[in-house]
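Below: one structure, written as structure tokens.
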2 protein chains.
Amino acid sequence: MAIAQKIRDFMEKGSFIRKMFEEGDILKAKHGKENVFDFSLGNPNLDPPEEVHRRLIQILSEPVPALHGYMSNAGYLETRRAVADFLSGEHGLSFTEQEVIMTCGAAGALNAVLKALMEPGEELIVLAPYFVEYLFYVDNAQGVPRVVPTGPNFSLDVKAIEQALTPRTKAVLINSPNNPTGKVYDETSIRQLGDLLHRYEREQGRVIYLISDEPYRKIVYDQIQVPSIFQACRQSISVTSYSKDLSLPGERIGYLAVHPQIPDKEELLAACTFTNRILGFVNAPALMQRLLPAVQGLTVDIGIYQRKRDIFYKGLTQIGYQLTKPEGAFYLFPQSPIPDDVAFIQALQEELILAVPGMGFGAPGYFRIAYCAPDATIEKSLPGFERAFKKFAN
Amino acid sequence: MAIAQKIRDFMEKGSFIRKMFEEGDILKAKHGKENVFDFSLGNPNLDPPEEVHRRLIQILSEPVPALHGYMSNAGYLETRRAVADFLSGEHGLSFTEQEVIMTCGAAGALNAVLKALMEPGEELIVLAPYFVEYLFYVDNAQGVPRVVPTGPNFSLDVKAIEQALTPRTKAVLINSPNNPTGKVYDETSIRQLGDLLHRYEREQGRVIYLISDEPYRKIVYDQIQVPSIFQACRQSISVTSYSKDLSLPGERIGYLAVHPQIPDKEELLAACTFTNRILGFVNAPALMQRLLPAVQGLTVDIGIYQRKRDIFYKGLTQIGYQLTKPEGAFYLFPQSPIPDDVAFIQALQEELILAVPGMGFGAPGYFRIAYCAPDATIEKSLPGFERAFKKFAN
């Protein structure tokens, strides 16, 4: 056998989603790409802010020596400083470059953190519905995911997290604004989670880290503020990227940041720098790192995503779909009208609509719509959503 | 304890090298950066060919939609086709995009391949002296390195490899031109290695893959040709990057390519695409992928590195150092005049010369010089090399 059994098993388990994508490709080939309503992938459809290309061209036009050379595995000092300054302003805490490591996207950051932290068999608390890659990432570090459900409307259920803590719990992973639900955890629940972990440390003498995956932090609507994990919890680590807010997902540029007073800070950061190296990332891409000092705080026009959310949310609720109104990110996570979400996704495909079954996020009975798509695509898809809904309404 | 015991152990084992670097930094702070002869890192000092920046600026000036978006985890079709066409010309075999996966450097490629192939506990044959990261990469995949010595002048010792094969051997990893020795394995020995693996497959009914790490393939001297592993072995996989030949190491852009007739080809490539994703690389950086079709076959001026090699090799042999003349890459790997290479590296530091002890490459009694440095630095360092040598000559 050529490949490892575990990889074969993983691929098989994920094969139903791959099959959906393949069927989507067949639909596109058959009906024309422009006639298929593709809401399957969270691939931002907005261009980066103009400053991004302007600045990149400037850097390339006046190249410094070793423009694309290796730097410290943690990244350029200037870039880390710019990120630290931005974080200081955002969180009302004083960050320095020391607490920031540049990474190949949030995925690279999360893998570096988990590899640094987890002993084989230790547990990572993951909240359902979850971004499916989390399960692979914790396995990469030989850890074990412990899936805990969220509360009503996908809210943070701190009691459920408390009940799931064991002597083998190494960290709690949250993702807010959330993929796939669009939920933003409110300040009260984030504070309660921080209090829980602080109390655990006092009572058990052991640190459980809070890891927050925040690539959608700047993509929020209706003037919502995403509460600061750093304000709420001393043992917190943020992993994020510029993939969504600057529309650079293919460039693999992100970072991890730790609380300035996180326990065992130096050792933890040295370990994350080291794992960033030995996992084969080596460093975050150089040119994108050089861009970042000039674009801290910039984002694509979030209002455009908000409009898409509004059109879609209104359209689907009018049809009769049950769904929680997303507060951020660019996903809707409606209930499937029938318990079998895979069957419903197939019914949507008959309407040339592509979405992802909730099963892929540990939440059967739901489905995910990624609405980073043209307004017209969203609007024109609604009759198909209605026909699919009515098929099962009788 | 904050971090995983294994990571702590790894960091401790590597700490003598880190200590060297720290001492180097202290020297630079004390004596001025320009007065320290830093040959410690393989960080190319030549600028990329002009076409690289020209083309990048052009891409950014006329941005296509979703210029930086996610693409297939294997990379852009156009990029993979350009690489396949280049490989077809290089190896006299017909490659298509199907056999090419774009990766975050050769390190990303090697990690994706090993994760796809290796069952826990399976063995990877690694030749000493070796690039130290190999040991981490095989551990990432829960494999076990089996270190096999090279022959006279660091040549390929196919007999030693044959003796090291076990029922648990999954692959043989070679690196030619070699880091740290500069050795290029000759065609005869590469053919013998291919024959060995073909014979093993016939006799034992089991495929052992040949993985060749080739980032220095285009950096060779004296009209030497690097023999094609694809010509020699049907079960071969090449991993490489544009880090050295285009001076883009910080950009993390490379690829893996498999023999067009490799056994279980489809499953193997699907698995490598999948591991590229789940390891957190997701895809090779988008902008650099878009650059590649225009710069296939381009390199920095290799003659410049050859001149550096000549100056350094001549200088060191005249002093009395024993060393094999490198045929490629940009490293020299002389014998230390005393068995304790770490002690000798410290003696070099007293001369403000930074190099890496052979111990870090599984080859105690040697040391590595990275000569991607200005000619003047090389020339001015020679008296220091002489004084350090003579200190132990009596």
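The values are calculated or read from the model by the stated rules, or taken from the named source; none is laboratory data. From a predicted model like this one, the values you see are computed outputs, not experimental measurements. Every residue, glycine among them, receives a Cβ derived from its backbone with ideal geometry; neighbour counts consider all protein chains shown.
Can we say B:Phe21 is part of a helix (DSSP H, G or I), among the hydrophobic types (A, V, I, L, M, F, W, C) and under 22 Å from A:His68 (Cβ atoms)?
Answer is yes for this residue.
I need the full set of residues from segment A:272-287 which are part of a loop (DSSP other than H, G, I, E, B) and either surrounded by fewer than 24 Cβ atoms within 10 Å (Cβ to Cβ) or on the phi > 0 side of the Ramachandran plot (or both), in order please.
Once the filter is applied, which keeps residues that are part of a loop (DSSP other than H, G, I, E, B) and either surrounded by fewer than 24 Cβ atoms within 10 Å (Cβ to Cβ) or on the phi > 0 side of the Ramachandran plot (or both), segment A:272-287 yields A:Gly280, A:Val282.
What about B:Ala141, is it over 14 Å from B:Leu210 (Cα atoms), of a type in the set (A, V, I, L, M) and within 13 Å of chain A (Cβ to nearest Cβ)?
In short, yes.
Quick check on B:Lys170: is it free of Cβ contacts under 8 Å to residues at least 60 places away in the same chain and out of contact with any helix residue (DSSP H, G or I) (no Cβ under 8 Å at 6 or more places or on another chain)?
No; evaluated as a whole, the condition is false for this residue.
For B:Ile311, indicate whether it is touching an Asp or Glu at 6+ places or on another chain (Cβ under 8 Å), among the hydrophobic types (A, V, I, L, M, F, W, C) and either modelled with pLDDT of 95 or more or over 27 Å from B:Lys33 (Cα atoms) (or both).
So B:Ile311 fits the description; yes.
State whether the residues of segment A:25-38 include one that is in a helix (DSSP H, G or I), closer than 24 Å to B:Ala271 by Cβ and either more than 14 Å from chain B (Cβ to nearest Cβ) or at pLDDT below 95 (or both).
Yes; the residues of segment A:25-38 include at least one that is in a helix (DSSP H, G or I), closer than 24 Å to B:Ala271 by Cβ and either more than 14 Å from chain B (Cβ to nearest Cβ) or at pLDDT below 95 (or both).
Which residue is farthest from B:Phe385 (Cα to Cα), if the candidates are limited to segment B:288-341 and must be out of contact with any helix residue (DSSP H, G or I) (no Cβ under 8 Å at 6 or more places or on another chain) and in a loop (DSSP other than H, G, I, E, B)?
Within segment B:288-341, the match that is farthest from B:Phe385 (Cα to Cα) is B:Thr299.
Given the structure, is A:Tyr200 within 26 Å of A:Gly365 (Cβ to Cβ) and either at pLDDT 95 or above or crowded, with 21+ Cβ neighbours inside 10 Å (or both)?
No, not satisfied.
Please state which one of A:Val36, A:Val100 is touching a residue at least 12 places away in the same chain (Cβ under 8 Å), touching a helix residue (DSSP H, G or I) at 6+ places or on another chain (Cβ under 7 Å) and not assigned by TED's automatic domain parsing to the domain that holds A:Lys380.
Step by step, each of A:Val36, A:Val100 is checked, and only A:Val100 is touching a residue at least 12 places away in the same chain (Cβ under 8 Å), touching a helix residue (DSSP H, G or I) at 6+ places or on another chain (Cβ under 7 Å) and not assigned by TED's automatic domain parsing to the domain that holds A:Lys380.
Of the numbered conditions (1) more than 27 Å from A:Leu110 (Cβ to Cβ); (2) free of Cβ contacts under 8 Å to residues at least 12 places away in the same chain, A:Gly280 satisfies every one except a single condition; which is it?
(1)
Name the residues in segment A:56-80 that are part of a helix (DSSP H, G or I), within 28 Å of the chain's Cα centre (by Cα) and either free of Cβ contacts under 8 Å to residues at least 24 places away in the same chain or buried (at least 20 other Cβ atoms within 10 Å of the Cβ) (or both), would you?
Across segment A:56-80, the qualifying residues are A:Leu56, A:Leu77, A:Thr79, A:Arg80.
What single numbered condition from (1) within 13 Å of chain B (Cβ to nearest Cβ); (2) surrounded by fewer than 24 Cβ atoms within 10 Å (Cβ to Cβ) fails to hold for A:Ile302?
All conditions pass for A:Ile302, except number (1).
Which ranges mark the strands (runs of 3 or more DSSP E) fully within segment B:82-153 that have 3 or more residues being surrounded by 22 or more Cβ atoms within 10 Å (Cβ to Cβ)?
Result: B:100-103, B:123-128.
Could we say that B:Phe367 is within 22 Å of B:Met11 (Cα to Cα), without any contact (Cβ under 8 Å) to a residue 60 or more places away in the chain and not β-branched (Val, Ile, Thr) here?
Considered against the rule, which asks whether it is within 22 Å of B:Met11 (Cα to Cα), without any contact (Cβ under 8 Å) to a residue 60 or more places away in the chain and not β-branched (Val, Ile, Thr), B:Phe367 comes out as yes.
Could you list, in sequence order, the residues of segment A:220-237 that are farther than 30 Å from A:Ile304 by Cβ and touching a strand residue (DSSP E or B) at 6+ places or on another chain (Cβ under 6 Å)?
A:Cys233, A:Gln235, A:Ser236, A:Ile237
Out of B:Gln235, B:Gln261, report the one residue that is assigned by TED's automatic domain parsing to the domain that holds B:Gly121, within 17 Å of A:Ile3 (Cα to Cα) and either surrounded by 23 or more Cβ atoms within 10 Å (Cβ to Cβ) or among the small types (Gly, Ala, Ser) (or both).
Residue meeting the stated conditions: B:Gln235.
List every residue pair whose Cβ atoms lie under 9 Å apart, where the two residues are 6 or more positions apart in sequence or sit on different chains, the first residue falls within segment A:230-252 and is more than 10 Å from chain B (Cβ to nearest Cβ) and more than 30 Å from A:Glu201 (Cβ to Cβ), and the second residue, located anywhere, is among the aromatic types (Phe, Trp, Tyr) and buried (at least 24 other Cβ atoms within 10 Å of the Cβ).
Note: pairs meeting the criteria are A:Lys244/A:Tyr216; A:Lys244/A:Phe330; A:Asp245/A:Tyr216.
Which ones in segment B:370-394 are free of Cβ contacts under 8 Å to residues at least 24 places away in the same chain and either among the small types (Gly, Ala, Ser) or in contact with a helix residue (DSSP H, G or I) (Cβ under 6 Å, 6 or more places away or on another chain) (or both)?
If the condition is that a residue be free of Cβ contacts under 8 Å to residues at least 24 places away in the same chain and either among the small types (Gly, Ala, Ser) or in contact with a helix residue (DSSP H, G or I) (Cβ under 6 Å, 6 or more places away or on another chain) (or both), then B:Ala376 is the only one that fits.
Read through the list (1) part of a loop (DSSP other than H, G, I, E, B); (2) more than 13 Å from chain B (Cβ to nearest Cβ); (3) closer than 26 Å to A:Met118 by Cβ; (4) touching a residue at least 40 places away in the same chain (Cβ under 8 Å), then give the number of the only condition that A:Gln261 fails.
Unmet condition: (4).
Tell me which residues, restricted to segment B:35-61, are farther than 18 Å from A:Pro65 by Cβ and acidic (Asp, Glu).
Hit for segment B:35-61 is B:Glu51, nothing else.
Quick one: in segment A:211-229, of everything that is among the hydrophobic types (A, V, I, L, M, F, W, C) and in a strand (DSSP E or B), which residue is farthest from the other protein chains (Cβ to nearest Cβ)?
Filtering segment A:211-229 for residues that are among the hydrophobic types (A, V, I, L, M, F, W, C) and in a strand (DSSP E or B), the one farthest from the other protein chains (Cβ to nearest Cβ) comes out as A:Val220.
Would you be able to say whether some residue in segment A:310-329 is within 14 Å of chain B (Cβ to nearest Cβ) and either under 23 Å from the mean Cα position of the chain (by Cα) or within 16 Å of A:Val220 (Cβ to Cβ) (or both)?
No, segment A:310-329 has no match at all.
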